[in-house]
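Single-structure report; data block below.
Bear in mind these aren't lab numbers, they're just calculated from the coordinates by the rules spelled out. Please read these numbers as outputs of a predicted model, since none were measured by experiment. When we count neighbours, we look across all protein chains shown, and the Cβ atoms used for this are built from the backbone with ideal geometry, even at glycine.
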Amino acid sequence: APSFLELKPLQIEAAAYQSLEFEIASDGVFLNPFDPAEVDLNVRFNGPDGQESLIPAFWYQEFDPATYQPIGQPGWRARFRAK
């Protein structure tokens, strides 16, 4: 099990009805990040009105669209859009 999780926004702000994307840093090591029996990562957002949203995180890998080769290291991401 990971001992820390860090949520980092990938942009400063978003206009109404646009998504914010977050990178999730963790020291967790998983053999298969696509197996929900091994890892099930959700992010809880609390609004100013007290409304809670539970958003599933997803495994992300950037790639070069010309060669389809991976770029950098894969990791967790989450996207949230306020209503």
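Can you tell me how much longer the chain between Asn32 and Ser53 gets when fully stretched, taken as 0.36 nm per residue apart minus their C-alpha distance, in nm with one decimal?
That pair, Asn32 and Ser53, stretches by 5.0 nm at full extension.
Tell me, what ³J(HN,Hα) does each residue in the stretch 5-16 have, in order and in whole Hz, if you take phi through Karplus 6.51 cos²θ - 1.76 cosθ + 1.60 with θ = phi - 60° and put x for Gly and Pro?
Each residue of the stretch 5-16 in turn: 9, 10, 9, 10, x, 8, 9, 6, 8, 9, 6, 3 Hz.
Pairs of Cα atoms under 8 Å, at least six residues apart: use those to get the relative contact order of the chain, whole percent.
30
Once you wrap a convex hull around the alpha carbon atoms of the chain, what is its projected area averaged over all directions, in nm²?
For the Cα atoms of the chain, the hull's average projected area reads 7.2 nm².
To the nearest 20 Debye, how big is the dipole of the chain about its Cα centre, given +1 on the beta carbon of each Lys and Arg and -1 on that of each Asp and Glu?
Rounded to the nearest 20 debye, it is 260 debye.
Just order 20-33, 53-66, 2-15 by mean Cβ neighbour count inside 10 Å, highest at the front, would you?
20-33, 53-66, 2-15
Put +1 on the Cβ of each Lys and Arg and -1 on the Cβ of each Asp and Glu in the chain; which of Ala37, Ala16, Ala78 then has its Cα farthest toward the positive end of the dipole?
About the Cα centre, the residue reaching furthest to the positive side is Ala16.
Using r as the Cβ-Cβ distance of Ala16 and Glu62, and R0 as 30 Å, what FRET efficiency do you calculate, to the nearest 0.05?
So, using R0 = 30 Å, E works out to roughly 0.65.
HN-Hα J couplings of the stretch 46-61 from phi, Karplus 6.51/-1.76/1.60, θ = phi - 60°, integer Hz, Gly and Pro as x?
Using θ = phi - 60°, the values come out as 10, x, x, 8, x, 5, 10, 10, 10, 10, x, 7, 9, 7, 10, 9 Hz.
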